[in-house]
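No lab work stands behind these numbers, since they all come straight from the coordinates. Small disclaimer: the values here were computed from a predicted structure and weren't measured. Every residue, glycine as well, gets a Cβ built from its backbone with ideal geometry; the counts of neighbours run over all protein chains shown.
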Amino acid sequence: MRNARAQAYPTQPITLVHGLAPGGGVDTTARIVADGLSRRLGQQVIVQSKPGASSTLASAQLARAAPDGHTLGFLASTYATAAAMHSKLPFRPVDDFAMLGQVIEFPLVVASHADHAARSISDLIKMARTAESPLLYGTPGLGSIAHLLVEHLAQQAKCQFQHVPYRGGGAQALTELLARRIDFMVDPPIILLEHVRNGTVRILAVTTATRVDALPDIPAIAEAGFPQFDVSGWMGLVGPAGLPERIVHRLNSALVDTLVEPGVVQRIRALGNKPRPSTPDELKARIAAEILQWSAVIDAAKIERI
């Protein structure tokens with residue numbers, strides 16, 4: 001009986017913490033996943049939003065949690081850029097976490113206002129190379145994936161763009177784009193599609209290695225002469241380091257089963273995302289590789305770390 005209790009999991013509600021604002025895409029996706037996990041694990045999974053310090057407050061909380069599987073974390077691709085941007089963190093970005101599996105993947109797009117002279121990503125790069133003053137691009141802030149993605153493009157294209165960070169996040173950058181006060185921005189396409197349909201925003205390129213099914217007429221940046229350019233957004237499920245292997249296996253199995261459930265697939269696709277289940281090792285390798293990639297971009301751009 002004692003051994004059976006020791007093997008039982010979960011024995012109480014599970015907290016799923018993330019570092020982004022409530023009501024946003026990460027929060028909404030976390031709640032979809034939490035619903036599926038709750039049904040499969042037999043305990044309620046409660047989503048907790050803890051924004052602040054580029055999402056590192058939530059990660060620090062998770063790193064300190066007991067490794068019993070009752071506190072989990074939901075990461076977005078901004079986790080890797082934040083880890084690369086911070087010179088000191090109260091946790092080790094890879095080693096202090098037990099990876100459980102990737103959840104979704106989604107493309108990002110480069111978009112200008114509809115009246116901009118650039119009609120393609122090639123036009124934008126040519127303008128950046130010849131303009132008397134740098135083209136302006138807006139992002140949710142220093143070290144965001146939008147910021148480092150554009151720096152990465154500038155390094156490959158051998159041109160310069162002027163970063164304009166907004167504390168109001170992507171919504172404020174979009175407001176500034178629509179007002180024609182900046183030249184372009186980077187965001188998930190679903191955020192921009194309404195404005196594309198009403199003719200106020202033009203999507204110039206997707207940032208993934210190839211075109212995406214939802215935007216078959218939009219070329220990838222790779223097609224403009226940068227074959228190695230491949231950046232996509234993602235979200236993943238993690239726990240604190242030291243999580244027993246049997247709990248890691250159970251959580252990964254529950255996550256994979258959730259992500260192939262037709263109702264869950266439909267809800268995820270409605271947000272412009274694609275379910276992308278993975279093994280724990282695959283998520284660990286992705287995060288480690290992206291931290292190295294963004295660190296190299298930061299070093300090459302001589303961006304001062306936080």
### Query
Which residues' amide hydrogens lie under 5 Å from the amide hydrogen of L204, considering only partners 5 or more residues apart or on another chain, with H built in the peptide plane?
V110, A111, S112
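Which longest run of the chain has no exposed loop site in it, a site being GluC sites (Glu not before Pro) in a DSSP loop with at most 14 other beta carbons within 10 Å, and the site itself not part of the run?
Numbers: sites that count: E132, E304.
The segment 133-303 is the longest one with no such site.
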### Task
Starting from the range 267-306, pick out the trypsin sites (Lys or Arg not before Pro) whose DSSP state is loop and whose Cβ has at most 14 other Cβ atoms within 10 Å.
K302, R305
### Task
Take every Cα pair under 8 Å in the chain that's 6+ residues apart, average their separations, divide by the length, and report that relative contact order as a whole percent.
27 percent
## Note on the structure
Once amide hydrogens are built 1.01 Å from N within the peptide plane, the residues lying 5 or more places from A209 or on another chain with amide H under 5 Å from its amide H are V231
### Task
Give, as a single signed number, the net charge of other residues whose beta carbon lies under 15 Å from the beta carbon of Q160, with Lys and Arg counted +1 and Asp and Glu -1.
+1
### Query
To the nearest 500 deg cm²/dmol, what mean residue ellipticity at 222 nm is calculated for the chain from DSSP H runs of n ≥ 4 alone, each contributing -39,500 (n - 2.57), summed and divided by the residues?
-12500 deg cm²/dmol
### Message
So if I restrict to the alpha-carbon atoms in the range 109-224, what is the Rg, and what is Dmax, the biggest pairwise distance, in Å?
### Response
12.8, 37
### Query
How far is the Cα center of the range 71-147 from the Cα center of the range 206-285, in Å?
16 Å
### Message
Quick check: pseudo-label points 7 Å beyond the Cα along Cα→Cβ at R246 and A270, how many nm apart are they?
### Response
3.8 nm
### Query
If amide H atoms are built 1.01 Å from N in the plane of the peptide, which residues on other chains or at least 5 residues away come under 5 Å of the amide H of I14?
Q44, V45, I46
### Task
Check the straight Cα-Cα distances from K126 and name the aspartates and glutamates below 20 Å, setting aside those fewer than 8 residues away within the same chain.
D115, E151, D183, E223
### Rounded to whole Hz, the Karplus (6.51, -1.76, 1.60) HN-Hα couplings of the range 202-209, x for glycine and proline
10, 8, 8, 6, 9, 9, 7, 5
### Message
Taking the number of other C-beta atoms within 10 Å as the exposure measure, put F91, F229, F74 in order starting with the fewest.
### Response
F91, F229, F74
### Task
Would you list, by chain and number, the lysines whose Cα falls below 24 Å from the Cα of K284, excluding same-chain residues fewer than 8 positions away?
K50, K88, K274
